[in-house]
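Student: Just dropping this structure here.
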2 protein chains.
Amino acid sequence: MHKKNYHHGDLKPALIQAGLDILEEEGLEGLSMRAIAARVGVSHTAPKNHFDGLHGLLSAIAAEGFRRHAAEMQKDVEDAPPGRERLDAACVGYIKFAREHGAMFRLMFSPRFNKKAEEEELATAAASSYGVLRGIAEGLNWQRPGPELSPELEAMRTELMLWVFVHGYASLVNEGQMPADPDGKPLFDVLELMPQFDYGN
Amino acid sequence: MHKKNYHHGDLKPALIQAGLDILEEEGLEGLSMRAIAARVGVSHTAPKNHFDGLHGLLSAIAAEGFRRHAAEMQKDVEDAPPGRERLDAACVGYIKFAREHGAMFRLMFSPRFNKKAEEEELATAAASSYGVLRGIAEGLNWQRPGPELSPELEAMRTELMLWVFVHGYASLVNEGQMPADPDGKPLFDVLELMPQFDYGN
DNA sequence: GCCGGAATATTTACAATGGAAACTTAATGA
DNA sequence: TCATTAAGTTTCCATTGTAAATATTCCGGC
């Protein structure tokens with residue numbers, strides 16, 4: 001191999017990593033095919049061999065984002081004692097990620113930039129992220145008047161209720177709509193805005 | 001004026017209207033400077049005299065979106081009897097808009113495409129939209145344990161809680177994350193997921 | 001009525017982007 | 001060893017937003 005690396009050898013993960021870096025440093029705007037390729041030191045059409053166009057590459061980056069989102073949340077959850085404090089930890093973890101990785105959060109939830117319907121890996125990663133909330137919602141006691149539902153539907157409803165709330169907060173913060181201090185700290189914490197749920201034991 | 005309209009005469013609103021049309025017909029992707037100008041039948045640099053680049057034009061379109069959002073919600077609210085049903089009407093109205101005008105909803109809440117911080121008109125319109133929810137939250141009785149807050153902060157907290165919830169639901173639906181029937185109808189209504197709030201009288 | 005400046009549009013040019021096509025280089029395995 | 005295939009490069013093109021120079025019309029003061 002005298003003509004050192006015509007073939008990169010490990011381009012696929014390298015491109016994803018480059019994308020993650022650019023996302024942190026320059027935000028969503030900087031995330032172009034050419035910029036990502038250039039950062040790896042490769043021609044701008046090289047990614048075509050590993051991803052289905054820009055959408056494919058962005059989807060792979062978003063998938064990695066979901067995996068990290070899930071992992072960080074999961075860690076926060078396990079560090080907290082079971083019960084209400086775990087619920088709180090999960091919510092705080094969800095928001096913390098959205099605040100610390102704003103551009104990534106936007107990418108993850110932008111159907112414009114990634115196509116969940118078309119990318120299996122992305123859908124799986126997103127589901128794993130949702131799964132953490134799901135686990136939390138299991139212990140959550142949230143009765144409401146109205147027609148009785150099957151246990152499955154009832155569980156689903158609780159999960160979704162929780163997700164709607166947490167995601168709403170994260171989105172508004174991410175979009176800069178949440179009133180905040182001059183230094184960026186929101187006036188109200190997630191937990192201060194969250195309805196009071198019953199948590200069995 | 002024999003050389004009919006070198007000057008359009010009413011270009012600014014015409015461009016905004018064209019943008020609204022494209023948004024409905026083709027979604028956010030179709031919303032380019034050139035496409036908007038072409039639809040009005042004008043050169044692609046003409047908008048420069050009326051808007052500050054693409055961002056300015058998109059911001060103006062988003063502002064119109066917020067105004068309509070506010071107006072539709074307001075109408076739904078006024079058609080409902082005061083009290084809990086108004087709360088419900090506002091929530092349903094918020095979501096209805098997000099579902100019926102998905103592309104617009106995305107534009108309105110994408111800091112990437114519009115710059116609220118830089119566009120006064122946009123910020124005002126967005127505030128008017130928030131104001132409808134604000135009015136609703138006034139009658140809402142939502143005590144929580146914890147340190148006592150000033151009436152202003154307390155009111156703010158209630159508004160935000162409501163907004164977080166409604167916006168979270170709308171966002172998830174808009175991003176296609178909400179479980180739904182084959183025909184697109186969400187499995188759970190907003191009201192089915194919403195916490196039960198006390199409404200005075 | 002006329003004229004000069006200010007608005008308003010157009011034309012032309014340019015840099016950046018994503019993608020297609022043809023080509024080159026390296027790895028692989030029969 | 002050598003054809004096949006995977007992986008990268010080059011070149012080219014259409015589309016996009018923006019800037020600069022230019023053209024056309026409008027309007028207020030005379």
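Student: For the stretch A:168-191, enumerate the residues that are among the acidic types (Asp, Glu) and closer than 18 Å to A:ALA89 by Cα.
Tutor: Within the stretch A:168-191, just A:ASP189 meets the criteria.
Student: Then there is this: Quick check: is even one residue across the stretch A:76-85 over 13 Å from the mean Cα position of the chain (by Cα), within 30 Å of A:GLY131 (Cα to Cα) and among the hydrophobic types (A, V, I, L, M, F, W, C)?
Tutor: Checked the stretch A:76-85: at least one residue is over 13 Å from the mean Cα position of the chain (by Cα), within 30 Å of A:GLY131 (Cα to Cα) and among the hydrophobic types (A, V, I, L, M, F, W, C).
Student: How about the stretch B:23-45: which of its residues are away from DNA strand D (no atom under 11 Å from the Cβ), more than 14 Å from chain A (Cβ to nearest Cβ) and within 23 Å of B:HIS8 (Cα to Cα)?
Tutor: Once the filter is applied, which keeps residues that are away from DNA strand D (no atom under 11 Å from the Cβ), more than 14 Å from chain A (Cβ to nearest Cβ) and within 23 Å of B:HIS8 (Cα to Cα), the stretch B:23-45 yields B:ARG39, B:VAL40, B:GLY41, B:VAL42.
Student: Kindly provide the set of residues from the stretch B:129-151 that are hydroxyl-bearing (Ser, Thr, Tyr) and either closer than 10 Å to B:LEU87 by Cα or assigned to a helix (DSSP H, G or I) (or both), ordered by number.
Tutor: Result: B:SER129, B:TYR130.
Student: Here is a list of conditions, (1) loosely packed, with under 14 Cβ neighbours inside 10 Å; (2) more than 7 Å from chain B (Cβ to nearest Cβ), and A:MET178 meets all of them except one; can you say which number that is?
Tutor: Tallying (1) loosely packed, with under 14 Cβ neighbours inside 10 Å; (2) more than 7 Å from chain B (Cβ to nearest Cβ), A:MET178 fails exactly one: (1).
To keep it simple, each residue is scored yes or no on (1) at pLDDT 95 or above; (2) within 11 Å of chain B (Cβ to nearest Cβ); (3) closer than 19 Å to A:LEU191 by Cα.
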position: A:VAL132; (1), (2), (3): yes, no, yes
position: A:GLY139; (1), (2), (3): no, no, yes
position: A:LEU149; (1), (2), (3): no, yes, no
position: A:VAL166; (1), (2), (3): yes, yes, yes
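Student: Hey, could you check the stretch A:1-35 for residues that are in a loop (DSSP other than H, G, I, E, B) and modelled with pLDDT of 95 or more and say which is nearest to DNA strand C (Cβ to nearest atom)?
Tutor: Among them, the one singled out is A:SER32.
The values are calculated or read from the model by the stated rules, or taken from the named source; none is laboratory data. Values in this document were obtained by computation on a predicted structure and should not be read as measured data. Don't worry about glycine lacking a Cβ; one is built from the backbone with ideal geometry, like all the others, and counts go over all protein chains shown.
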